[in-house]
Amino acid sequence: MARITAGVGSSHVPLLGVAVDQGKTGDDYFGPIFKGYEWTRQWERDTAKPDVVILVYNDHASAFDANIIPTFAIGCGEHYKPADEGWGPRNVPDVAGHADLGWHIAQSLILDDFDMTIINEMDVDHGLTVPLSMMFGTPDKWPAKVVPLAVNVVTYPVPSGNRCWALGEAIARAVESFPEDLNVQIWGTGGMSHQLQGPRAGLLNREWDNMFLDMLVGDSDAVRHIPHIEYLRETGSEGIEMVMWLVMRGALGKQTKCLHRHYHIPCSNTAIGHIVLEPVT
Amino acid sequence: MKQNIHEYLAEFEDIPGTRVYTAARARKGYWINQFAMSLMKAENRTRFKADEKAYLDEWPISDEAKEALLARDYNRLLDLGGNVYFLSKLFSTDGLSFAEAVSTMTDMSFPEYQAMMAKGGRSPEGNRSIKGGY
Ligand SMILES: [Fe+2]
């Protein structure tokens, strides 16, 4: 049987991809950010060794334009190419999908009342490739297959935190009913506090971000009830991406244990947050 | 229904210096955003750079929005329904980083904005609510 063995939360700032691609991860600016991921890279390589990552992220006007806006979309393809986001695609390996697991989750979710959009072909942008670089470094080939799960966090209303958590629970049920023996991780990406628009741009909130990280650990589900307006007021207009971390948290079940945690301000316009969680059964 | 949609949307207007990308803005700015999206193709970037006005005239965009696009007036573009992830295609065509383009929407110069970010960013204190002033 497939099982979800761990959850990872991480920011996916595009500048982190630039730092990796230009070999700047050890400099004064990026060094402290990347240091906080060293533990995770080693753990992924030597201990966790996932077969598949369900990677919850959002597309930033790359695969989807303003025309079609799926709230929750799942990638069921065999492979995905890094997107050209306006300055050429990142020079990172293509992403291998897990079409069997993707389709199994898609079908299970629809039967479980989550009306998913299914994607066969798409390019994946920094929202997906930056977390892969942060967790896996710079291999010739990504060590795990990926089931992309794209969430609309751009056009309002975006899904509620509660709905994201419930989707995570349904994903866990779907994974558990997949017959093949697979070690599956789920990653929630985006955030933490940042605002990329308007006169209030540049807002960061260390205190609130860390409260959010605290709330992901243990057996409380209070975090699922934080309303959108609180994310917007406290963490900036783009801080809303943190609802995607709740898909990850919901998939880990009633209780979690924290294996690793990291927080750093700033990276470009954004606060970097990272957490590794294990389900407690 | 868990929350009334009108109440939900009204709350967004109480956040200082912020235009939440609501469905109303997405409708208003649809062609601004689709135009920006077209700049993801190298050949379109070349054509746009050669004659910006002529390229914009191919799109059903209002004169006001064309003017704002030509002036790179990003706050006005937000008011006209532009979204920053789409508009980023325009500022990357200009060779601007995200942080530099974002700084043009504030009352700071880019070096001032960078200095603020290095010191921990803009504080949420007093920036959460217009009515509440907290
Ligand atoms: Fe993002």
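The values are calculated or read from the model by the stated rules, or taken from the named source; none is laboratory data. It should be emphasised that the depicted structure is a prediction, and the values quoted were computed from it without experimental measurement. Cβ placement follows ideal geometry from the backbone for every residue including glycine, while neighbour counts extend to all protein chains displayed. Calculation scope for accessible area: heavy atoms of the full protein, side chains included, ligands and nucleic acids excluded. Shrake-Rupley method; radii C 1.70, N 1.55, O 1.52, S 1.80 Å.
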Worksheet item: Taking accessible area as the heavy-atom solvent-accessible surface of the protein chains with a 1.4 Å probe, which residues of the stretch B:17-44 lose no less than 20 Å² upon going from the isolated chain to the full protein assembly?
Response: B:17, B:18, B:19, B:20, B:21, B:23, B:30, B:34, B:37, B:40
Worksheet item: Cross-link partners among lysines for residue B:119, C-alpha distance below 26 Å, same-chain residues fewer than 8 apart left out?
Response: A:24, A:35
Worksheet entry | Chains A and B, summed buried accessible surface - 1.4 Å probe, Å², nearest 100 | 3800 Å²
Worksheet item: Under the classification rounded if a/c is under 1.5, otherwise prolate if a/b is larger than b/c and oblate if not, where does the stretch A:203-281 fall, given a ≥ b ≥ c as square roots of the Cα gyration tensor eigenvalues?
Response: oblate
Item to complete: Return the distance in nm (one decimal) between the two label points of a simple spin-label model at residue A:113 and residue B:47, each offset 7 Å from Cα along Cα→Cβ.
Response: 4.8 nm
Practice prompt. Would you give the gap between the C-alpha center of the stretch B:1-35 and the C-alpha center of the stretch B:40-78, rounded to a whole Å?
Written response: 23 Å
Response to the item:
Distance in nm between residue B:72 and residue A:28 label points, each 7 Å along Cα→Cβ, equals 2.7 nm
Fill in: If the convex hull is drawn through the Cα atoms of the protein assembly as shown, its volume per residue in Å³
137 Å³
Discussion item. Please list A:263, A:37 from largest to smallest accessible area, probe radius 1.4 Å, with all protein chains kept in place.
Written reply: A:263, A:37
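Considering only DSSP states other than H, G, I, E and B, which GluC sites (Glu not before Pro) in the stretch B:1-90 qualify as loop sites with at most 13 other Cβ atoms within 10 Å?
Of the GluC sites (Glu not before Pro), the ones in loops of the stretch B:1-90 whose Cβ has at most 13 other Cβ atoms within 10 Å are B:13, B:58.
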Fill in: Occluded residues from the stretch A:213-243, i.e. those whose accessible area drops by 50 Å² or more once the chain is not alone (1.4 Å probe)
A:229, A:233
Item to complete: Among the aspartates and glutamates, select those whose C-alpha is under 12 Å from the C-alpha of residue B:41, and discard any that sit fewer than 8 residues away in the same chain.
Response: A:84, A:85
Discussion item. Quick check: from the Cα gyration tensor, does chain B come out rounded (a/c under 1.5), prolate or oblate?
Written reply: oblate
Worksheet entry | All lysines inside 20 Å of residue B:28 as judged from Cα atoms, apart from same-chain residues fewer than 8 positions distant | B:66, B:89
Discussion item. If you filter the stretch B:1-70 for trypsin sites (Lys or Arg not before Pro), then keep DSSP loop positions with at most 10 other Cβ within 10 Å, what is left?
Written reply: B:2
Discussion item. Accessible area per residue for the protein assembly as shown in Å², computed with a 1.4 Å probe and the full protein assembly in place, what is it?
Written reply: 40 Å²
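Relative contact order of chain B: what whole-number percent is it, with Cα pairs under 8 angstrom and at least 6 residues apart? Can you show the working numbers first?
On the way: 103 pairs, mean separation 39.5, N = 134.
In percent, rounded to a whole number, it is 30.
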Worksheet entry | At most 16 other Cβ within 10 Å, DSSP loop - trypsin sites (Lys or Arg not before Pro), the stretch A:198-268 | A:254
Fill in: Pairwise centroid distance, computed over Cα atoms, of the stretch A:119-134 with the stretch A:2-44, Å
15 Å
Discussion item. Tell me the carbon and sulfur percent of the accessible area for the stretch B:40-90, rounded to whole percent, probe radius 1.4 Å.
Written reply: 49 percent
